[in-house]
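Inspection log for the structure reproduced underneath, given as structure tokens.
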Amino acid sequence: MARPGQFCVELHTNAPWAHAPDVRDRIAEAVARSAARWGGSTLDLTGWTIVFQDGEVDCNVLWRRTGCTDVAERKMTVRSDRADCVDGTVLPHEIGHALLPLGDPMHWDAGWHDDGAWERLEDAFVADGGCPVEPLSAWEP
Ligand SMILES: [Zn+2]
């Protein structure tokens, strides 16, 4: 059993940011900030596994395969090789799927289109030496 707030991170990527010495801290911070953007916290991700991988992500629902969230399995997969840092991956978007009721696969929640919330998240990332949020994080058809 995972302790409250404890989640697993698997790094299967050659992205340079994923090999920085502080990558675990950076990921933890990106997860916490992204969860807060959705009105939650790291506690909501207890027992989850977040996989960072290169190349397209297999996902049965989404045609755009930069990320995938399996709510039943509590597993999130995030494409990593196109981002300059963890903040620039689709992680903040996938965390929305993890936290919203039933994963909101159709993006019906108004939060997906809350530009102000995305901007505040991006500002927090950039102020802390991170990188801009992947545009797909903000909006997806
Ligand atoms: Zn989505």
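Read-outs: derived from the displayed coordinates by stated rules, not from any lab. From a predicted model like this one, the values you see are computed outputs, not experimental measurements. No Cβ is skipped: glycine too gets one built from the backbone with ideal geometry, and neighbour counts run over all protein chains shown.
Residues whose amide H falls under 5 Å from that of Gln6, counting only those 5 or more places apart or on a different chain, are Gly47, with hydrogens built in the peptide plane.
How long are the semi-axes of the equivalent ellipsoid of the stretch 8-129, defined as square roots of 5 times the Cα gyration tensor eigenvalues? Whole Å, largest first.
Values: eigenvalues 78, 63, 37 Å².
Three semi-axes, in Å: 20, 18, 14.
Of the trypsin sites (Lys or Arg not before Pro) found in the stretch 32-141, the ones in coil according to DSSP and having at most 15 other Cβ atoms within 10 Å of their Cβ are Arg64, Arg65, Arg82. Computed extension length for Asn14-Met1: 1.7 nm, one decimal, from 0.36 nm per residue of separation with the Cα-Cα distance subtracted. For the options Val78, Val90, Val23, a Gaussian network treatment of the chain with springs between C-alpha atoms closer than 10 Å singles out Val23 as fluctuating the most.
Loop by DSSP (not H, G, I, E, B), at most 11 other beta-carbon atoms within 10 Å: where is the longest site-free stretch of the chain for chymotrypsin sites (Phe, Trp or Tyr not before Pro)? Working shown, then result.
Values: sites that count: Trp63, Trp108.
Between the exposed loop sites, the longest stretch runs 1-62.
Taking 0.36 nm per residue of separation and subtracting the Cα-Cα distance, full extension of the segment from Arg65 to Glu119 would add 17.1 nm. Annotation for the stretch 1-80 versus the stretch 104-128: alpha-carbon center distance of 16 Å. Annotation: the residues Met106, Met76, Met1, sorted from fewest to most other C-beta atoms within 10 Å of their own C-beta, follow the order Met1, Met106, Met76.
Annotation: the antiparallel percentage among DSSP beta bridges lying fully within the chain is about 30. A Gaussian network model of the chain, with springs between Cα atoms under 10 Å, assigns the largest mean-square fluctuation among Gly96, Gly39, Gly130 to Gly39.
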